[in-house]
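> I'd like to ask you about the structure that follows.
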Amino acid sequence: MEFRHLRYFLGVVEHGSVAEAARRLHIAQPALSRQIKYLEEELGAALFDRSVRGATLTAAGHQLVIDARRMLADLQETRQRVARVAEGVEGNLRMGITPNFGWHPRILGSLRHFHQAEPQIAVSLEPGLSARQLERIRSGDLDAGFLAWRYPPNDQFLAHEFGEIQVFECRLKLALPRDSQLARQVPRHLAALHDEPAIWFPAEVAPGYDQFLNYQCQMVNLVPRKAQLASDVLSILGLVAAGVGYAIVSDVSAYTCPEGVVLVDHPELTMRHPVSFVYRADNGNPTLGRYMAHLERMRSGDETDLGGD
């Protein structure tokens, strides 16, 4: 059974006869009669009671009218939905984000404006460290992600298979227990912290970030005493608030910093790292293209009220 058979059947019903339906549908009457006969054979039921006075619907015919109209309406809706998805107007966009960066107003503002402009696109945002995000983008499990693990001396992650849009840059801050002597009298030189316990990311969890911080410490002759390890920024800040030690964190920590921590701008913390929107270059999801265009407009200053950095 094909959809055209249903259209022919409904044409006969709506126009009252095979002859009139054939004329309106621009098909020869014998050919239309054969199509109706084929449909009845396919369904195994008579659709019309035929007599010298004409043809009237059987009970099976009445039921097919209901079902055929529904199926054709569903087909039309499917066509429209597929067209919207193909254009990127509707569909799904799966993105990852490095924990702690989701609170940045630049990202929040971007997502808010994109939702206002494209309400039919369902955006899912999944937290994950950059290395894991990159694996999922490569495998196609994610369309893209906000990554923050760039390491300038060894910046090789953007192979030919990936593209990026830089969203903003981050500075580093010194995180100190608010009531500590260090917070009351911040050392002029970071090298003075060599005997103080440092709270650090495990190298195997975020190797890029570990290399980045080590490089910053080498630049200022600081050999950190890595006394405690924590696998996420919130846990690191929690340990700082508990007075366990100090940490070096991104300035985006200001948006999630607990009350017991003070974030200090130190003149020796000079390195910056970009947060980039990274995607696989051959990803054909139209919704991704729309979001990328949105980010580019944001970078160009075409959209306002996105928050500052």
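> Taking interchain pairs and intrachain pairs at least six residues apart, which have beta carbon atoms under 8 angstrom, with the first residue in the stretch 110-130 and under 20 Å from Arg299 (Cβ atoms) and the second open to solvent by 50 Å² or more (accessible area, probe 1.4 Å) and hydrophobic (A, V, I, L, M, F, W, C)?
If the second residue must be open to solvent by 50 Å² or more (accessible area, probe 1.4 Å) and hydrophobic (A, V, I, L, M, F, W, C), the pairs left are Leu111/Val123; Leu111/Leu125; Phe114/Val123; His115/Val123.
Okay, residues lined up against (1) over 23 Å from Thr270 (Cα atoms); (2) at pLDDT 95 or above; (3) crowded, with 19+ Cβ neighbours inside 10 Å:
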{"site": "Pro99", "(1), (2), (3)": "no, no, no"}
{"site": "His115", "(1), (2), (3)": "yes, no, no"}
{"site": "Ala131", "(1), (2), (3)": "yes, no, no"}
{"site": "Arg138", "(1), (2), (3)": "yes, no, no"}
{"site": "Glu161", "(1), (2), (3)": "yes, no, no"}
{"site": "Leu193", "(1), (2), (3)": "no, yes, yes"}
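> If you check every pair at least six apart or on different chains, which have Cβ atoms under 8 Å apart with a residue in the stretch 250-261 that is closer than 20 Å to Asp179 by Cβ first and a residue that is part of a strand (DSSP E or B) and of a type outside the set (Gly, Ala, Ser) second?
Going by the 8 Å Cβ cut-off, the qualifying pairs are Ser253/Lys173; Ser253/Leu263; Ala254/Lys173; Ala254/Leu263; Cys257/Leu263; Gly260/Pro177; Val261/Leu176; Val261/Pro177.
> To continue, here is another question. When you go through (1) touching a strand residue (DSSP E or B) at 6+ places or on another chain (Cβ under 9 Å); (2) open to solvent by 30 Å² or more (accessible area, probe 1.4 Å); (3) modelled with pLDDT under 95 one by one for Trp200, which number turns out not to apply?
Failed condition: (2).
> Filter the stretch 1-24 for residues that are farther than 16 Å from Val65 by Cβ and surrounded by fewer than 19 Cβ atoms within 10 Å (Cβ to Cβ); which is farthest from the chain's Cα centre (by Cα)?
Ala19
> Taking the stretch 59-79 on its own, how many of its residues are open to solvent by 90 Å² or more (accessible area, probe 1.4 Å) and at pLDDT below 80?
Residues that pass the stated criteria total 2.
> So, one more: Among the residues of the stretch 226-248, write down those that are assigned to a strand (DSSP E or B) and at pLDDT 95 or above.
Of everything in the stretch 226-248, those that are assigned to a strand (DSSP E or B) and at pLDDT 95 or above turn out to be Tyr246, Ala247, Ile248.
The values are calculated or read from the model by the stated rules, or taken from the named source; none is laboratory data. Nothing here was measured: the structure is a model prediction, and the numbers come from that model. Note: ideal-geometry Cβ built from the backbone for every residue, glycine included; neighbour counts use all protein chains shown. Ligands, DNA and RNA are stripped out before the accessible areas are found, and what is left, the full protein with its side chains, is counted by its heavy atoms. Shrake-Rupley method; radii C 1.70, N 1.55, O 1.52, S 1.80 Å.
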